[in-house]
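Engineer: Before I ask anything, let me first share the structure, which is written out below as structure tokens.
The values are calculated or read from the model by the stated rules, or taken from the named source; none is laboratory data. Model, not experiment: these values are computed from the prediction. Virtual Cβ from ideal backbone geometry, glycine too; neighbours counted across all protein chains shown. We work out accessible area using only protein heavy atoms, side chains counted, and drop any ligands, DNA or RNA first. Shrake-Rupley method; radii C 1.70, N 1.55, O 1.52, S 1.80 Å.
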Number of protein chains: 2
Amino acid sequence: MKIAFIGMGTMGAPMALNLLKAGYDVTVHNRTRAKEVPVTKQGAKRAATPREAALKADIIITCVSDTPDVEAIILGEDGVIHGARRNSIVVDMSTVSPTATCAIAEALGRKGIKMLDAPVSGGSEGAQKGTLAIMAGGDETAFEKAEPVLQAMGTTIMHIGPIGSGQMTKAINQIVIAGVYQSVAEGMALGLKAGLDMEKVIKVVGGGAAGSWVMDNRADFMVKNHYPLGFKVQLHRKDLTIALNAAREMGVPLPVAAYVEQIENGLIVRGHGDEDVSAVARCIREASGID
Amino acid sequence: MKIAFIGMGTMGAPMALNLLKAGYDVTVHNRTRAKEVPVTKQGAKRAATPREAALKADIIITCVSDTPDVEAIILGEDGVIHGARRNSIVVDMSTVSPTATCAIAEALGRKGIKMLDAPVSGGSEGAQKGTLAIMAGGDETAFEKAEPVLQAMGTTIMHIGPIGSGQMTKAINQIVIAGVYQSVAEGMALGLKAGLDMEKVIKVVGGGAAGSWVMDNRADFMVKNHYPLGFKVQLHRKDLTIALNAAREMGVPLPVAAYVEQIENGLIVRGHGDEDVSAVARCIREASGID
């Protein structure tokens, strides 16, 4: 099976490497062409444009930063749509607007090209280790054809429903994450101000109904006021904005997620956009006069 | 070792039963005296007042609803303070104000009586099974003396620090819980409105960085819009109000916890106070027009 992989960023490059390791024939493309080089050293071919990358591919994977990038790569002048064969499958693994996803799928469908939306969670570490969670939407037959390819990149692969379902599930993921980080940050701030032994607090509170992945893995960052990666504030904010726009279109008010988006906006303005999302704790620490 | 146990409520009665099962000599008291009867059938003695219960006890446990109840039981006219022996230990397992706790401990201390604050989490189920998490504050020697008794009621027993630390830790627990329930509710509302297969969404989202005890155990209640116990909204609101008052006194602003307190206030007014805390999802469901 021939695979095209467009987008050699922090996520895309290690994901393409895992496909090569699994024995797939992979052709890569990146807007900044130099980023294609490391992957070609592991056996990938290069293509000058998304169109060219798509020409012989059975599956065309896209993994880029935002909605306009996906639209340009797939529907633009030298886009995938002008090269891809009938019955090939475009798998967009970026996190983008569910509405835009459906529009792209429709345009591809008119040319007999199938599409899955398959955003991931698990960060750059998950991309490298091939342990991503992949949330897919789209035609079930297309999913079954793409599934072995997805399995080379992730461990939890789930087909949620029709096209857009993957992006909507990712939106839910980012909404929940927003509030959980903020809640843990609020709890940690109170404990710090009270001068408690926070290691003990995290252990006992994290062991019960207040427990979460964030408490187990990020509360300690908040206590130390040091936020190594992780997952960048500016990337989460980008995803959260997509999620809030989708929720607005659908008529679902999300007060806590919207509040956390504002906190993250403030962090980015102040130069903390490259820190881990746990940096939301900075705001309550500062508002509480915790050094 | 002789134990007095004051407060035969939903939590206190099964906790006292676990002490009897562990072989302790237990004397119980409850304001509504009839509630003492079931425990006496398992071997507990009865006392007419908190003072009388405390007379021969080495450890006097209190487990009641709110701060004024603890103050009355310990410092009131027929209170524990008028009966307890020097060097006996009062262990307050209620969830109450950390500030009030310190004041009570000081009054007891002037009479040579020690005090630990040891609020619990794990609900009525944990009380029955003896699997509570117990967060203790107070003198370390007193804690070591009381620890075997606490072990008869819980599985995770932790001494956090000086008097008030247990209550402060419990406050952190309830603050974190508030935001996590709300966050999961926001995510579930978006998924429901989008018509996703929520069983799949909960599985894939709960397996990553958005995962939590609430996602694993309560998201399903929110999807079904059915909120069996669990932990009552009105009890969580009571604890959250204590936590927010403590945070206010200490100068720690907690915007999300305060927001959720308001949501819970609304639920109580509308007759949902006896439902599980996951009923916070009602508000977003309704605001989004989800049936």
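Engineer: Please go through the stretch A:127-158 and give me each residue that is of a type in the set (A, V, I, L, M, F, W, C), closer than 17 Å to residue B:209 by Cα and without any contact (Cβ under 8 Å) to a residue 40 or more places away in the chain, ordered by number. Step through it out loud before you land on a result.
Structural biologist: Taking the stretch A:127-158 first, the residues of a type in the set (A, V, I, L, M, F, W, C) are A:127, A:132-136, A:142-143, A:146, A:149-150, A:152-153, A:157-158.
Then keep just the ones that are closer than 17 Å to residue B:209 by Cα; that gives A:127, A:132-135, A:157-158.
Residues satisfying the conditions are A:133, A:135, A:157, A:158.
Engineer: Another one. What's the number of the condition residue A:267 fails, among (1) more than 30 Å from residue B:118 (Cβ to Cβ); (2) among the hydrophobic types (A, V, I, L, M, F, W, C); (3) in a helix (DSSP H, G or I); (4) in contact (Cβ under 8 Å) with a residue 40 or more places away in the chain?
Structural biologist: With respect to (1) more than 30 Å from residue B:118 (Cβ to Cβ); (2) among the hydrophobic types (A, V, I, L, M, F, W, C); (3) in a helix (DSSP H, G or I); (4) in contact (Cβ under 8 Å) with a residue 40 or more places away in the chain, residue A:267 is out only on (4).
Engineer: Based on this model, can you work out whether residue B:91 counts as closer than 21 Å to residue B:246 by Cα and in contact with a strand residue (DSSP E or B) (Cβ under 6 Å, 6 or more places away or on another chain)?
Structural biologist: yes
Engineer: Still on this model: Checking the conditions here, which among A:184, A:120, A:176 is of a type in the set (Val, Ile, Thr) and over 18 Å from the mean Cα position of the chain (by Cα)? Reasoning before the result, please.
Structural biologist: Details: A:120 fails: over 18 Å from the mean Cα position of the chain (by Cα); A:176 fails: over 18 Å from the mean Cα position of the chain (by Cα).
Selected residue: A:184, the only one of A:184, A:120, A:176 that is of a type in the set (Val, Ile, Thr) and over 18 Å from the mean Cα position of the chain (by Cα).
Engineer: Just a yes or no: is a residue in the stretch A:136-155 more than 23 Å from residue A:221 (Cα to Cα), open to solvent by less than 10 Å² (accessible area, probe 1.4 Å) and at the interface with another protein chain (Cβ under 7 Å from one of its Cβ atoms)?
Structural biologist: No, there is no match, as no residue in the stretch A:136-155 is more than 23 Å from residue A:221 (Cα to Cα), open to solvent by less than 10 Å² (accessible area, probe 1.4 Å) and at the interface with another protein chain (Cβ under 7 Å from one of its Cβ atoms).
Engineer: Additional query: Suppose the filter is within 9 Å of chain A (Cβ to nearest Cβ) and crowded, with 22+ Cβ neighbours inside 10 Å; does residue B:280 pass it? Steps first, please.
Structural biologist: Values: within 9 Å of chain A (Cβ to nearest Cβ): no; crowded, with 22+ Cβ neighbours inside 10 Å: yes.
So residue B:280 fails the test.
Engineer: Could you check the stretch B:21-40 and list, in sequence order, the residues that are surrounded by fewer than 19 Cβ atoms within 10 Å (Cβ to Cβ) and at negative phi?
Structural biologist: In the first step, residues of the stretch B:21-40 are kept if they are surrounded by fewer than 19 Cβ atoms within 10 Å (Cβ to Cβ); the result is B:21-23, B:25, B:31-35, B:37-38, B:40.
Hits for the stretch B:21-40 are B:21, B:22, B:25, B:31, B:32, B:33, B:34, B:35, B:37, B:38, B:40.
Engineer: Just to check your reading of the model, which residue among B:27, B:67 is of a type in the set (Ser, Thr, Tyr) and in contact with a Phe, Trp or Tyr (Cβ under 9 Å, 6 or more places away or on another chain)? It would help to see each step written out before you state the result.
Structural biologist: Details: B:67 fails: in contact with a Phe, Trp or Tyr (Cβ under 9 Å, 6 or more places away or on another chain).
That would be B:27, the only listed residue that is of a type in the set (Ser, Thr, Tyr) and in contact with a Phe, Trp or Tyr (Cβ under 9 Å, 6 or more places away or on another chain).
Engineer: In the stretch B:68-122, how many residues are more than 14 Å from chain A (Cβ to nearest Cβ) and either part of a helix (DSSP H, G or I) or among the small types (Gly, Ala, Ser) (or both)? Walk me through it before giving the result.
Structural biologist: Going through the stretch B:68-122, the residues more than 14 Å from chain A (Cβ to nearest Cβ) turn out to be B:68-94, B:96, B:100, B:103-116.
Now restrict to residues that are either part of a helix (DSSP H, G or I) or among the small types (Gly, Ala, Ser) (or both): B:68-76, B:79-84, B:88, B:94, B:100, B:103-109, B:112.
So the answer is 26.
Engineer: Another question, if that's okay. For the structure I just gave you, tell me whether residue B:192 is of a type in the set (A, V, I, L, M), in a helix (DSSP H, G or I), within 12 Å of chain A (Cβ to nearest Cβ) and open to solvent by less than 10 Å² (accessible area, probe 1.4 Å).
Structural biologist: Values: of a type in the set (A, V, I, L, M): yes; in a helix (DSSP H, G or I): yes; within 12 Å of chain A (Cβ to nearest Cβ): yes; open to solvent by less than 10 Å² (accessible area, probe 1.4 Å): no.
Spelling it out, it is not the case that residue B:192 is of a type in the set (A, V, I, L, M), in a helix (DSSP H, G or I), within 12 Å of chain A (Cβ to nearest Cβ) and open to solvent by less than 10 Å² (accessible area, probe 1.4 Å).
Engineer: Using beta carbons and a limit of 8 Å, which pairs, at least six apart or on different chains, have the first residue in the stretch B:45-58 and free of Cβ contacts under 8 Å to residues at least 60 places away in the same chain and farther than 17 Å from residue B:115 by Cβ and the second one among the acidic types (Asp, Glu) and crowded, with 20+ Cβ neighbours inside 10 Å?
Structural biologist: From the stretch B:45-58, the pairs are B:46/B:36.
Engineer: Among the aliphatic types (A, V, I, L, M), in contact (Cβ under 8 Å) with a residue 40 or more places away in the chain, in contact with a helix residue (DSSP H, G or I) (Cβ under 9 Å, 6 or more places away or on another chain) and not in a helix (DSSP H, G or I): does that describe residue B:229? So that I can check it myself, show each step before the final result.
Structural biologist: Values: among the aliphatic types (A, V, I, L, M): yes; in contact (Cβ under 8 Å) with a residue 40 or more places away in the chain: yes; in contact with a helix residue (DSSP H, G or I) (Cβ under 9 Å, 6 or more places away or on another chain): yes; not in a helix (DSSP H, G or I): yes.
Taking the combined requirement at face value, the residue satisfies it.
Engineer: If you take the residues of the stretch A:48-67 that are outside any helix (DSSP H, G or I) and out of contact with any strand residue (DSSP E or B) (no Cβ under 9 Å at 6 or more places or on another chain), which of them is most open to solvent (accessible area, probe 1.4 Å)?
Structural biologist: Step one: list which residues in the stretch A:48-67 are outside any helix (DSSP H, G or I), which gives A:48-49, A:55-66.
Imposing the further condition that a residue be out of contact with any strand residue (DSSP E or B) (no Cβ under 9 Å at 6 or more places or on another chain) reduces the set to A:65-66.
Values: A:65: 74, A:66: 50 Å².
Checked the stretch A:48-67; the qualifying residue most open to solvent (accessible area, probe 1.4 Å) is A:65.
Engineer: Here's a follow-up. Would a scan of the stretch B:206-220 turn up a residue that is at the interface with another protein chain (Cβ under 7 Å from one of its Cβ atoms), open to solvent by 40 Å² or more (accessible area, probe 1.4 Å), without any contact (Cβ under 8 Å) to a residue 60 or more places away in the chain and assigned to a helix (DSSP H, G or I)?
Structural biologist: Yes.
Engineer: Tell me, which residue of the stretch B:229-241 that is open to solvent by less than 50 Å² (accessible area, probe 1.4 Å) and either within 12 Å of chain A (Cβ to nearest Cβ) or of a type outside the set (A, V, I, L, M, F, W, C) (or both) is nearest to residue A:256 (Cα to Cα)?
Structural biologist: Restricting attention to the stretch B:229-241, the residues satisfying the condition of being open to solvent by less than 50 Å² (accessible area, probe 1.4 Å) are B:230, B:233, B:236, B:238-241.
From what's left, either within 12 Å of chain A (Cβ to nearest Cβ) or of a type outside the set (A, V, I, L, M, F, W, C) (or both): B:230, B:236, B:238-241.
Values: B:230: 23, B:236: 19, B:238: 21, B:239: 21, B:240: 17, B:241: 19 Å.
Residue satisfying both the conditions and the ranking: B:240.
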